[in-house]
Amino acid sequence: MKTSPAVRPLAFLPVLLLLLLTTCQSARTTPPGIISTEKAQRLLSGVTKGRVTAIRTFKGPSGLTGILIKENSSHLAIVYSTGDGKTLIAGTLFDKNGVNITKQSADDFLKSEQSSTGKNGRKTRLQEEDSAPIRISSTATDLVERNATFVSQGTGNNVLWIFFDPNCIWCHRLFVMIHQKPLPKTIVIRWIPVGFLKQDSMEKAAAILKNGLKELTLDEMNFDSKNEEGGAHIIHSRRLQDKIKENTRILKSLGEGGLETPTLLYRKQDSAYIFPGFPDRQEWLAILNDLSP
């Protein structure tokens, strides 16, 4: 395990794995004003080389079309398309008030299937684990613990790993939310910088590795939300950039070659869990509870 002086988005986990469900629903008649399921399938086939199936489409926010997709035999997710059916948007959507629109769409889907699940008493995975962390192989966690270079915060025995990009606005919002209250003394956060969002992400990440928590705090306290730019210094160091590249490689290896920041990782008893993306306040509190002794 590597550390610096104070011292790992998952987006294609795949990037399409935004919300997990386990109950399928038959396609419905396409409402007016949105693209058809067939057109959505053509878009998905081009992007994913036929690995994903469009189940149905629905009206999304801001003129977008929501697409309920089946990633394999059991996993469903929600993505979005532009009105012309030519551009796929895979990621969690939020409105101007911070409401998780993607989760809202999943909730609406669950309500529509309650009649069928009520007949046999079984719940879908999302009903059981609403935006819950995903259980992963301990081997992946071992890779992080052995090879990631990080900035440490706290002195507890329960470790929470957080992959972040210095220019990631959702990483910034996570940092702010975490620090609204004192960090529990039983927890240590190991911040793992990666650098891929912007041209200077790598150099800012290098500064954070060199200067530790002080530089990370500078990056977040001086974050330019309008332009989505962190406030860390710029450092050109091949040695540090090699460490950041390794952190990025580790993050990619956790999914299927994709990147998503923030990404949270931790152990609970004998199991390992990953939470790709920004946890809302309830999800964050649930993670803290998992980390509590």
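Would a scan of the range 232-254 turn up a residue that is closer than 12 Å to residue 165 by Cβ and surrounded by fewer than 21 Cβ atoms within 10 Å (Cβ to Cβ)?
To start, the set of residues in the range 232-254 that are closer than 12 Å to residue 165 by Cβ comprises 232, 244, 247-248, 251.
Still in the running and surrounded by fewer than 21 Cβ atoms within 10 Å (Cβ to Cβ): none.
No, that holds for no residue.
In the range 157-187, what count of residues is obtained for those that are over 14 Å from residue 220 (Cα atoms) and surrounded by fewer than 17 Cβ atoms within 10 Å (Cβ to Cβ)?
Qualifying residue count, the range 157-187: 7.
Report yes if some residue within the range 145-155 is of a type in the set (Lys, Arg) and modelled with pLDDT under 90; otherwise report no. Show your work before the answer.
Initially, the range 145-155 is screened for residues of a type in the set (Lys, Arg), giving 146.
Checking the rest, the ones that are also modelled with pLDDT under 90 come to none.
For the range 145-155, residues of a type in the set (Lys, Arg) and modelled with pLDDT under 90: absent.
Name the residues in the range 229-243 that are under 26 Å from the mean Cα position of the chain (by Cα) and outside any loop (DSSP other than H, G, I, E, B), would you?
The answer is 229, 240, 241, 242, 243.
The values are calculated or read from the model by the stated rules, or taken from the named source; none is laboratory data. Values in this document were obtained by computation on a predicted structure and should not be read as measured data. For neighbour counting, all protein chains shown are included, and Cβ atoms are generated from backbone atoms with ideal geometry for every residue, glycine included.
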